[in-house]
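Undergrad: What follows is a single structure, and I will ask about it in a moment.
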Amino acid sequence: MSQDIKTVDAIVIGAGFAGLYAIKHIRDAGFTVQAFEAGDGIGGTWYWNHYPGARVDLECWDYSYSFSPELQDEWEWSHRYPTAQELMAYLEHVADRFKLREKIQFNTRVDSAEFIESENLWLARTSDGKALKARFLVPATGGLSVPKPPEIPGIETFKGEAYHTGRWPRKEPTYEGKRIGVIGTGSSGVQVIHTLAGKCKHLTVFQRTAVFVVPAKNYPLTPEMRQRARATYAERRALSRITRFGIPAAMPNDSALEATPEERQAKFENAWINSQLLGFRQCFGDILSDGKANDLVAEFIRDKIRTIVKNPETAKKLLPYGFPFGTKRPCLSDNYYDVFNRDDVSLVDLKSTPIVRIVPDGIETTEGLIELDMLIYATGYDALTGALTHIDVRGIGGQRLSDKWEDGAKTYLGLMTAGFPNLFTVTGPGSPGPLANMSMSIEQHVDWITDCMAYLRNHGIVRIDTEPAQENAWMDHVQEVVSRTLYEKANSWYRGANVPGKPQIFLPYLGGHGNYRNKCDEVAAMGYQGFVLTRASGTGDAAASRFAEAGLAGGSV
Ligand code: NAP
């Protein structure tokens with residue numbers, strides 16, 4: 001039976017930003033690769049999240065691949081912040097341009113993956129009932145791909161339309177004339193709310209925690225703007241590779257507390273007017289590390305909310321409290337707060353008026369029934385680990401990854417977890433991931449992983465693993481870095497606080513994209529320090545020996 005199972009060098013899971021680049025780069029390095037994608041098209045996060053208003057919150061010049069100058073030159077972005085649809089079109093272009101589709105099997109989930117110790121191969125079983133072996137397993141499954149349901153009683157009884165932003169239907173629903181409820185006011189909820197307001201009969205926003213929303217300042221791009229961006233791409237990307245957030249934005253060192261009130265006001269006003277995701281955090285060096293400095297920004301934004309929202313009671317409910325500014329991802333919107341001045345939009349503050357249950361006709365709160373035709377759950381994700389632990393991954397001795405991470409995910413450098421050899425996580429827990437420019441982080445990880453695979457191939461090494469001591473030390477370092485900041489003060493998805501029962505441990509590495517890149521390069525230059533490399537034994541390991549002897553990919557599809 002096992003003889004009939006084909007073998008490739010690498011299985012890539014997912015065909016989003018990470019999966020596509022992994023397929024390309026690994027294939028171009030001379031390895032055989034097979035990718036599986038659950039959706040019926042390219043796009044990953046953007047395939048599933050094309051809800052009304054979905055767009056990226058980093059500028060297109062940064063949130064795009066840097067590996068191909070030709071690609072950069074030929075792609076015409078339409079807006080500063082492209083929509084999900086435009087990002088999908090871009091990724092489809094990438095797939096076609098670099099001939100990646102032929103490596104992807106769509107509509108297919110990897111249900112399980114088991115490490116066969118005697119062969120040093122992964123055996124993956126897929127939802128079409130088939131199996132495939134591979135030397136390397138590369139889950140490019142994304143950090144925000146498993147939707148978190150809202151755990152509200154009666155959810156199954158609702159008789160109207162119901163959608164989660166992370167599983168938006170391919171056929172766009174209609175909104176006109178409908179009474180729509182949105183649960184959740186994170187980045188997804190904010191985008192849905194400002195887009196659907198005025199396009200439906202009535203919009204009711206169910207808010208559990210108010211968030212900081214800063215202006216997006218999105219605009220269409222002119223040919224001159226594109227020309228300017230193209231002329232500076234190389235410089236921009238080079239700078240992004242060394243900065244903290246993986247975008248060309250240097251962080252200052254000065255303290256907000258040492259500035260005069262006038263200086264602070266001028267900087268904050270400028271950040272509001274010329275807004276971008278990092279704007280306020282770039283005003284002073286201590287916004288994310290000093291509670292008092294952070295309060296100054298928080299209060300500045302609260303004042304803006306008080307000014308924009310006409311009804312003082314509504315404004316009060318929209319004021320964010322309980323976590324420092326920036327420790328949950330700030331949301332971008334050009335009209336979010338204005339929306340609450342409309343008669344056809346109402347806000348339900350769930351802290352004072354909790355939901356009792358969902359009923360067939362709508363939502364019952366402690367103040368009565370709100371009738372709805374459509375319910376939109378913008379309730380977030382089982383982030384960073386969910387996509388990995390939802391696959392039945394078993395490593396050495398049959399250990400399940402979900403069991404190993406029961407008390408919190410552990411990795412060495414966000415790249416490997418001990419006992420799961422030859423499995424590389426792309427932007428996994430313990431790497432900067434969502435706290436840096438994701439597209440930059442993806443390229444850095446895939447480059448490192450592919451170089452590592454080539455090194456193993458060239459040195460006759462068939463197994464790479466790490467050790468518990470290494471990952472414990474790395475995760476201690478991740479925690480130590482975060483403890484120097486205010487991030488721990490927020491119940492964010494960065495630490496699993498949004499999913500009931502999930503172990504709470506801060507998962508993204510806050511040490512900075514540039515520093516992290518250097519660390520990964522250093523480890524590789526020292527012969528993969530902290531990793532355990534095993535050479536082919538030559539016995540009972542035919543595929544491994546072939547792989548090693550050929551100095552090339554051993555398996556064949
Ligand atoms: P999120 O930030 O986790 O927000 C989920 C929202 O749902 C929160 O307001 C949460 O309230 C609420 N919620 C969850 N369970 C609930 C319940 N049972 N009852 C009532 N409210 C509930 O999720 P997201 O908005 O999908 O964003 C996740 C991340 O995706 C973002 O942080 C961002 O990194 C990324 N994203 C980016 C963009 C962009 O680029 N523009 C767009 C969308 C998403 P609590 O805060 O009280 O838990």
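Undergrad: Hey, any hits in the stretch 390-398 for a residue that's closer than 16 Å to Pro508 by Cβ and hydrophobic (A, V, I, L, M, F, W, C)?
TA: no
Undergrad: In the set Gln85, Gln105, which member is within 30 Å of Ile180 (Cα to Cα), among the polar types (S, T, N, Q) and surrounded by fewer than 19 Cβ atoms within 10 Å (Cβ to Cβ)?
TA: It is Gln85.
Undergrad: Residue by residue through the stretch 120-147, note down the ones that are open to solvent by 50 Å² or more (accessible area, probe 1.4 Å) and away from the ligand (no atom under 16 Å from the Cβ).
TA: Answer for the stretch 120-147, where residues must be open to solvent by 50 Å² or more (accessible area, probe 1.4 Å) and away from the ligand (no atom under 16 Å from the Cβ): Arg125, Ser127, Asp128, Gly129, Lys130.
Undergrad: Counting only residues that are touching a residue at least 60 places away in the same chain (Cβ under 8 Å), over 17 Å from Gly186 (Cβ atoms) and open to solvent by 20 Å² or more (accessible area, probe 1.4 Å), how many does the stretch 51-71 have?
TA: Final tally of qualifying residues: 5.
Undergrad: Which of the residues belonging to the stretch 148-158 are touching a helix residue (DSSP H, G or I) at 6+ places or on another chain (Cβ under 9 Å) and open to solvent by 30 Å² or more (accessible area, probe 1.4 Å)?
TA: Pro149
Undergrad: Next question. What number of residues within the stretch 306-351 are in a helix (DSSP H, G or I) and either open to solvent by 20 Å² or more (accessible area, probe 1.4 Å) or touching a residue at least 60 places away in the same chain (Cβ under 8 Å) (or both)?
TA: Residues flagged as in a helix (DSSP H, G or I) and either open to solvent by 20 Å² or more (accessible area, probe 1.4 Å) or touching a residue at least 60 places away in the same chain (Cβ under 8 Å) (or both) within the stretch 306-351 amount to 13.
Undergrad: While we're here: Test Phe67 against the stated conditions and say whether it is hydrophobic (A, V, I, L, M, F, W, C), assigned to a loop (DSSP other than H, G, I, E, B), over 17 Å from the mean Cα position of the chain (by Cα) and over 22 Å from Ala238 (Cα atoms).
TA: no
So that you can scan it fast, the table gives a plain yes or no per residue for (1) away from the ligand (no atom under 15 Å from the Cβ); (2) open to solvent by less than 20 Å² (accessible area, probe 1.4 Å); (3) over 27 Å from Asp62 (Cβ atoms); (4) at pLDDT below 95:
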| residue | (1), (2), (3), (4) |
| --- | --- |
| Glu161 | yes, no, yes, no |
| Thr165 | no, yes, no, no |
| Thr174 | yes, no, yes, no |
| Arg179 | yes, no, yes, no |
| Gly186 | no, no, no, no |
| Val192 | no, yes, no, no |
| Thr195 | no, no, no, no |
| Lys201 | yes, no, yes, no |
| Ala210 | no, yes, yes, no |
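Undergrad: List every residue pair whose Cβ atoms lie under 7 Å apart, where the two residues are 6 or more positions apart in sequence or sit on different chains, the first residue falls within the stretch 146-157 and is modelled with pLDDT under 95, and the second residue, located anywhere, is within 8 Å of the ligand (Cβ to nearest atom) and part of a loop (DSSP other than H, G, I, E, B).
TA: The qualifying pairs are Lys148/Thr379; Lys148/Gly380; Lys148/Asn498; Pro149/Thr379; Pro150/Thr379.
Undergrad: Out of all the residues in the stretch 406-414, is one or more within 16 Å of the ligand (Cβ to nearest atom) and either in contact with a helix residue (DSSP H, G or I) (Cβ under 6 Å, 6 or more places away or on another chain) or at pLDDT 95 or above (or both)?
TA: no
Undergrad: Also, I was wondering about something else. Just one of the numbered conditions (1) open to solvent by 10 Å² or more (accessible area, probe 1.4 Å); (2) modelled with pLDDT of 95 or more; (3) among the β-branched types (Val, Ile, Thr); (4) under 22 Å from the mean Cα position of the chain (by Cα) is not true of Thr7; which one?
TA: Tallying (1) open to solvent by 10 Å² or more (accessible area, probe 1.4 Å); (2) modelled with pLDDT of 95 or more; (3) among the β-branched types (Val, Ile, Thr); (4) under 22 Å from the mean Cα position of the chain (by Cα), Thr7 fails exactly one: (4).
Undergrad: Just give me the residues in the stretch 422-434 being surrounded by 23 or more Cβ atoms within 10 Å (Cβ to Cβ) and not polar (S, T, N, Q), in sequence order.
TA: Scanning the stretch 422-434 gives Leu423, Phe424, Val426, Gly428, Pro429, Gly430, Pro432, Gly433.
Undergrad: Still on this structure, please answer the following. Go through the stretch 29-50 and give me each residue that's touching a residue at least 60 places away in the same chain (Cβ under 8 Å) and in a helix (DSSP H, G or I).
TA: Those that are touching a residue at least 60 places away in the same chain (Cβ under 8 Å) and in a helix (DSSP H, G or I): Thr45, Trp48.
Undergrad: Hey, another quick one. Looking at the stretch 368-399, which of its residues are of a type in the set (Val, Ile, Thr) and more than 16 Å from the ligand (Cβ to nearest atom)?
TA: Answer for the stretch 368-399, where residues must be of a type in the set (Val, Ile, Thr) and more than 16 Å from the ligand (Cβ to nearest atom): Thr389, Ile391, Val393, Ile396.
Undergrad: Looking at (1) at positive phi; (2) in contact with a Ser or Thr (Cβ under 6 Å, 6 or more places away or on another chain), find the lone condition where Gly362 falls short.
TA: The failed condition is (2).
Undergrad: Is it fair to say Ala418 is closer than 30 Å to Asp451 by Cβ and either polar (S, T, N, Q) or away from the ligand (no atom under 15 Å from the Cβ) (or both)?
TA: Spelling it out, Ala418 is indeed closer than 30 Å to Asp451 by Cβ and either polar (S, T, N, Q) or away from the ligand (no atom under 15 Å from the Cβ) (or both).
Undergrad: Only one of (1) closer than 27 Å to Gly496 by Cα; (2) open to solvent by 10 Å² or more (accessible area, probe 1.4 Å) fails for Val297. Which number is that?
TA: Against the list (1) closer than 27 Å to Gly496 by Cα; (2) open to solvent by 10 Å² or more (accessible area, probe 1.4 Å), Val297 comes up short only on (2).
Undergrad: Then there's this: Given (1) in contact with a strand residue (DSSP E or B) (Cβ under 6 Å, 6 or more places away or on another chain); (2) open to solvent by 10 Å² or more (accessible area, probe 1.4 Å); (3) not aromatic (Phe, Trp, Tyr), where does Ala473 come up short, assuming only one miss?
TA: Only one criterion in (1) in contact with a strand residue (DSSP E or B) (Cβ under 6 Å, 6 or more places away or on another chain); (2) open to solvent by 10 Å² or more (accessible area, probe 1.4 Å); (3) not aromatic (Phe, Trp, Tyr) is unmet by Ala473, namely (1).
Undergrad: Out of curiosity, is Ala95 surrounded by 18 or more Cβ atoms within 10 Å (Cβ to Cβ), under 24 Å from Ile449 (Cβ atoms) and not acidic (Asp, Glu)?
TA: Yes, satisfied.
The values are calculated or read from the model by the stated rules, or taken from the named source; none is laboratory data. Note that the structure is a prediction, hence the values are computed from the model and not measured. Please note: Cβ atoms are built from the backbone with ideal geometry, for glycine as well, and neighbour counts cover all protein chains shown. SASA here: full protein model, heavy atoms, side chains in, ligands and nucleic acids out. Shrake-Rupley method; radii C 1.70, N 1.55, O 1.52, S 1.80 Å.
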